[in-house]
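First the structure, in the form of structure tokens, and then the observations on it.
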Ligand code: PBG
Ligand code: ZN
């Protein structure tokens, strides 16, 4: 056959495939999440997420030290088990586990570790919603005020970056203003700009003890039928001063990652969420799939879709086992 184009020419050997690979993963892109709880010497495995545990601040420091050895140097902190109240007052106290963890991590590792915090109220409210409730409705503006205070507490404790995950309107602007007023102009905001109301957060809610007591999150998180709205949400957060835009979940939303990538010049992050992690880990444990290959295929899919940054519970295993 006389064929001018034969794409197989460039697939002939590992080296030529490597040469023409369009996407390249790097460990620099990974952010690894941690759940932090009260107490001392605590390492509580989370049943729903094989390989992931809750740590108290002392065991956290030791685990981060191990992670640093394989290149896990950007972490995202979630607080679990603080006192819950109607107004989420404990979310912005000076001595939350998150604030304590930030101080201790920065003291131990300084600039060798980049500490990002999740800013949301759901682990701190009695009802488990991401904002405060009155008249049976999650109140937007009142929630933004509390979220901004929470972000400020984290910045004061030494957080390198804050990441609001609540989906209230205007919270990036609210946080930016309060941070700036208090001298934290240089603390970046990674906004969960496009966060869908999703069943893929199930295992996380066990991990963070943050499931809404009644109702769902559809009045603030996005409807998964919508893609154009995602671009609008991203643009709004950019206009409010977000430094990084995140899409969440990731695997079922690769089209959205791509759309957001095409619509902004900001870095785009994706969050490979808990159920996406759990499905792969459980299926691999059951011998039904090749865990390593599936995980690495997923990581490349995020990159190919346009993500510059990947937040994933897989990061530690990938680097520890030298899969890239
Ligand atoms: C808090 C928050 C959630 C996740 C990140 N931040 C849960 C939620 O919104 O219900 C989900 C992360 C995951 O599933 O891995 N708002
Ligand atoms: Zn929340």
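Residue 314 fulfils the conditions (1) within 16 Å of ligand 1 (Cβ to nearest atom); (2) farther than 28 Å from residue 122 by Cα except for a single criterion, (2). Within the range 221-230, identify whether any single residue is farther than 22 Å from residue 79 by Cα, within 13 Å of ligand 1 (Cβ to nearest atom), within 19 Å of the chain's Cα centre (by Cα) and surrounded by 15 or more Cβ atoms within 10 Å (Cβ to Cβ), and answer yes or no. Yes, there is a match, as at least one residue in the range 221-230 is farther than 22 Å from residue 79 by Cα, within 13 Å of ligand 1 (Cβ to nearest atom), within 19 Å of the chain's Cα centre (by Cα) and surrounded by 15 or more Cβ atoms within 10 Å (Cβ to Cβ). The set of residues from the range 209-234 being in contact (Cβ under 8 Å) with a residue 12 or more places away in the chain, touching a strand residue (DSSP E or B) at 6+ places or on another chain (Cβ under 9 Å) and away from ligand 2 (no atom under 14 Å from the Cβ) comprises 223, 224, 230, 231, 233, 234.
So, residue 163, is that one more than 14 Å from ligand 1 (Cβ to nearest atom), crowded, with 24+ Cβ neighbours inside 10 Å and on the phi < 0 side of the Ramachandran plot or not? The answer is no for residue 163. Evaluation of residue 88 against the conditions (1) within 21 Å of residue 179 (Cα to Cα); (2) over 17 Å from the mean Cα position of the chain (by Cα); (3) away from ligand 2 (no atom under 13 Å from the Cβ) shows that the sole unmet condition is (3).
Residue pairs whose Cβ atoms lie under 6 Å apart, separated by 6 or more positions or on different chains, with the first residue in the range 184-200 and more than 14 Å from residue 174 (Cα to Cα) and modelled with pLDDT of 95 or more and the second in a loop (DSSP other than H, G, I, E, B) and more than 10 Å from ligand 1 (Cβ to nearest atom), are 196/224; 197/218. Look at (1) in a loop (DSSP other than H, G, I, E, B); (2) under 22 Å from residue 250 (Cβ atoms); (3) modelled with pLDDT of 95 or more; (4) touching a helix residue (DSSP H, G or I) at 6+ places or on another chain (Cβ under 7 Å) and you find that residue 211 fails only one, number (3). Within the range 116-136, no residue satisfies the criterion of being under 20 Å from residue 189 (Cα atoms), away from ligand 1 (no atom under 11 Å from the Cβ) and not in a strand (DSSP E or B). Of all residue pairs spaced 6 or more apart or on separate chains, those with beta-carbon atoms under 6 Å, a first member in the range 117-131 that is closer than 14 Å to residue 142 by Cα and a second member that is more than 7 Å from ligand 2 (Cβ to nearest atom) and not in a loop (DSSP other than H, G, I, E, B) are 121/91; 129/138; 131/138; 131/143.
Among residues that are free of Cβ contacts under 8 Å to residues at least 60 places away in the same chain, assigned to a helix (DSSP H, G or I) and more than 13 Å from ligand 1 (Cβ to nearest atom), residue 173 is not included.
How many residues does the range 280-304 contain that are touching a helix residue (DSSP H, G or I) at 6+ places or on another chain (Cβ under 9 Å) and closer than 28 Å to residue 210 by Cβ? Steps first, answer last, please.
Here is the first cut: in the range 280-304, the ones touching a helix residue (DSSP H, G or I) at 6+ places or on another chain (Cβ under 9 Å) are 280-281, 283-285, 288-292, 294-296, 298-299, 301-304.
If we keep only those that are closer than 28 Å to residue 210 by Cβ as well, we get 280-281, 283-285, 291, 294-295, 298-299, 301-302.
Residues flagged as touching a helix residue (DSSP H, G or I) at 6+ places or on another chain (Cβ under 9 Å) and closer than 28 Å to residue 210 by Cβ within the range 280-304 amount to 12.
The values are calculated or read from the model by the stated rules, or taken from the named source; none is laboratory data. Just so we're clear, the structure is a prediction, and the values are computed from it rather than from any experiment. In this analysis, Cβ positions are derived from the backbone assuming ideal geometry, glycine residues included, and neighbour counts consider all displayed protein chains.
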